[in-house]
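Notes follow once the structure below has been shown.
The values are calculated or read from the model by the stated rules, or taken from the named source; none is laboratory data. Treat the numbers as computed from the prediction; the structure is a model and nothing was measured. A quick note on method: Cβ atoms are made from the backbone with ideal geometry, for glycine too, and the neighbour counts reach across all protein chains shown.
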Amino acid sequence: MKRSEHEGGHPLRETVIDQLQKVHALKSGALRMFGPMLAEVQKQREEQALPEVQDLLEKMASAFGGHEATTREHERRVKARLRALGAGLSKPRQVGLALAGTLRARLGRIGGQNHGTGARDAFVFEHLEIASWELLEHLAERIGDTDTAELARECRADDDEMAALIRRNFPNALSLMLAGEGLPTFREAEQSEDAKGQQAEVSAEGAGGEPEAEKPGVGVREAARLRAEREVVVLDVRDEEEWDAGHIPGALWIPTDEISDRRGELPTTRRIITICRSGKRSAQAAKQLREEGYETDNVEGGMQAWHAASLPIEPPDGRVA
Ligand SMILES: [Fe+2]
């Protein structure tokens, strides 16, 4: 906290506090909605006979469960910031009650049978949060309150990520909505499950060959930038001796043949970029994950290109095996 700046009585200081209190109210309101919504999704999962719909519900529960934890952390940080500024929460409680009342009717439906409407409302709510953080950030910057501005920026990035996740999942929300109404969930043009199975067998046979160049990957410089800005999780799919010889610091390591069994370790709210030695195995992994609904890109040229570009590896004197 910049005491000299804040306690000097800047005319906008009270406005910053007011905006922080509004954000706090928004977060408190959201936290009250997560429990009932997740319980409803869980109930539907137990009642659901179709495995693909169960799967979607599980993904949804995991994404919203993760965002509940993030929201709780936001609420804690805003509260701590208000305390640091010598302000309380009394005012937002009233604002919060009014706001929560308006939102309850909408958010209460997220997880209800109409998943299409639920996804729409969750998307709108994330943008309400994003706009509130934006206002707070710009306001705080005007009075040089860098701590509040940074808090707003960091939390806004989490809500941006959640909004993007919801957006990517509109097709899934639609499938859930249709399944809830007993209607067919898949596009007519889509292959039948049998045809998909046959195709999976064919690609497993040809796994040693060149991956299909279906989607261009990202270059190592771009990968390094995305990693530095914490926009992605790097997934290294190489074998143990390759990993031990040298890897990207902070990367998630799951060898290709273990990916199926270790799905639970993959992030659901962040884009994944896959890497191997040369970019071939990881292209296959990226393709497979993409087909399962993950947002995934391959790093072209793999660790060989990463190392050649002198990008950081761990240990610092490591090599590409
Ligand atoms: Fe959010």
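Points worth noting:
Listed here are the residues, each with its yes/no results for (1) loosely packed, with under 15 Cβ neighbours inside 10 Å; (2) outside any loop (DSSP other than H, G, I, E, B); (3) of a type in the set (Gly, Ala, Ser).
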{"site": "215", "(1), (2), (3)": "yes, no, no"}
{"site": "227", "(1), (2), (3)": "no, yes, no"}
{"site": "273", "(1), (2), (3)": "no, yes, no"}
{"site": "283", "(1), (2), (3)": "no, yes, yes"}
{"site": "287", "(1), (2), (3)": "no, yes, no"}
{"site": "307", "(1), (2), (3)": "no, yes, no"}
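- Qualifying positions in region 49-75 - more than 19 Å from residue 291 (Cβ to Cβ), within 15 Å of the chain's Cα centre (by Cα) and of a type in the set (A, V, I, L, M): 61, 69
- Residue under evaluation residue 268, criteria (1) assigned to a loop (DSSP other than H, G, I, E, B); (2) more than 30 Å from residue 175 (Cα to Cα), criterion not met: (2)
- Hey, residue 68 in contact with a Leu (Cβ under 8 Å, 6 or more places away or on another chain), modelled with pLDDT of 85 or more, closer than 19 Å to residue 269 by Cα and within 14 Å of the ligand (Cβ to nearest atom) or not: yes
- The set of residues from region 240-281 being more than 22 Å from the chain's Cα centre (by Cα) and of a type in the set (Ser, Thr, Tyr) comprises 256, 278.
- Only residues that are closer than 30 Å to residue 51 by Cβ, in a helix (DSSP H, G or I) and of a type in the set (S, T, N, Q) were counted across region 142-176, and they come to 2.
- Taken over region 77-119, residues that are modelled with pLDDT of 90 or more, basic (Lys, Arg) and within 15 Å of the ligand (Cβ to nearest atom) amount to 1.
- Test: residue in region 291-298 that is small (Gly, Ala, Ser) and modelled with pLDDT of 90 or more: no
- Meets criteria (touching a helix residue (DSSP H, G or I) at 6+ places or on another chain (Cβ under 9 Å), touching a residue at least 12 places away in the same chain (Cβ under 8 Å), outside the structural domain of residue 65 (by TED's automatic domain parsing) and in a helix (DSSP H, G or I)) for residue 223: yes
Residue-wise test of (1) within 11 Å of the ligand (Cβ to nearest atom); (2) not hydroxyl-bearing (Ser, Thr, Tyr).
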{"position": "132", "(1), (2)": "yes, no"}
{"position": "153", "(1), (2)": "no, yes"}
{"position": "171", "(1), (2)": "no, yes"}
{"position": "175", "(1), (2)": "no, no"}
{"position": "178", "(1), (2)": "no, yes"}
{"position": "183", "(1), (2)": "no, yes"}
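- Residue 302 vs. criteria crowded, with 19+ Cβ neighbours inside 10 Å and free of Cβ contacts under 8 Å to residues at least 40 places away in the same chain: yes
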